[in-house]
Amino acid sequence: MKKWINSIFPLTVVLVIVSYGFTLRDVKVPETLRVTEPTEVIFPKQEVIKYDMMIIAPPFLGTSFIGFREALAFKESQGNYFTTNTFGYLGKYQFGIGTLQLMGVYNATRFLNDPVLQEEVFHTNVSRNKWILRKDIVRFQGKWIGGIQVTESGILAAAHLAGAGNVKKYLRSYGTLDFEDSYGTSIANYMRKFSGYDVSHVSPVRNPKVSKGID
């Protein structure tokens with residue numbers, strides 16, 4: 001009996017102390033801090049994909065270049081370096097053979113198995129598109145086309161989808177000449193989805209090549 005009392009007494013003391021520590025008190029929240037309705041996240045727009053009854057969303061990495069890069073990769077391939085789509089586009093960013101050759105990459109198999117090279121190619125391609133579209137970025141940034149505010153990141157994302165030449169046509173026709181890829185995704189869709197990222201640190205480069213071309 002004494003042994004039982006010795007073991008239960010410390011437990012009782014702990015319970016009494018805890019009950020005092022967690023006593024509920026009325027907390028008055030100022031009216032200015034009360035949330036009465038859902039708030040909208042303006043930028044960037046995050047993609048939500050339903051796949052086999054699951055909802056998949058890309059990681060939110062902010063509006064930096066890394067956020068831009070990863071959001072675009074998620075849209076293209078769900079971030080998979082080693083995938084090839086039904087039209088033969090390769091890797092995390094879904095590059096075509098012709099685009100790779102422009103940047104000095106000629107071996108598709110080695111490209112598909114080299115994540116470091118894929119990242120370098122992506123950055124190089126952004127620099128290339130930024131050079132081609134440099135005048136259009138200055139001219140159209142901040143304007144509205146078809147209910148979409150034009151931003152530098154939206155222009156560069158659209159160039160990744162459709163090519164810089166088609167983006168020029170879209171902008172200079174004020175949205176009349178749009179482009180859709182084989183899956184039905186348009187320039188306007190990418191301009192809206194990838195609006196508001198900071199890609200200012202990427203320098204425009206004329207005819208850039210990757211540092212380690214692959215034959």
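On the principal axes of its alpha-carbon atoms, region 61-193 has extents of 41, 29, 25 Å, going from largest to smallest.
In percent, how large is the relative contact order of region 61-193, given Cα pairs closer than 8 Å and 6 or more residues apart?
On the way: 150 pairs, mean separation 19.5, N = 133.
Once divided by the residue count of region 61-193, the mean separation gives 15 percent.
Modelled this way, with points 7 Å down the Cα-to-C-beta line, the labels at Asn166 and Gln149 are 2.6 nm from one another. Multiplying the residue separation of Ser64 and Asp181 by 0.36 nm and removing their Cα-Cα distance gives an extension gain of 39.5 nm.
Spin-label model, Trp131 to His201: label points 7 Å out along the Cα-to-beta-carbon direction sit 2.1 nm apart. Region 84-147 and region 162-215 have Cα centres spaced 8 Å apart. For Ile145, the residues whose modelled amide H falls within less than 5 Å of its own, excluding neighbours fewer than 5 places apart on the same chain, are Val150.
Every number in this text was worked out from the coordinates using simple rules, so none of it is lab data. Small disclaimer: the values here were computed from a predicted structure and weren't measured. Methodologically, a virtual Cβ is constructed for each residue, glycine included, from the backbone with ideal geometry; neighbour enumeration extends over all protein chains shown.
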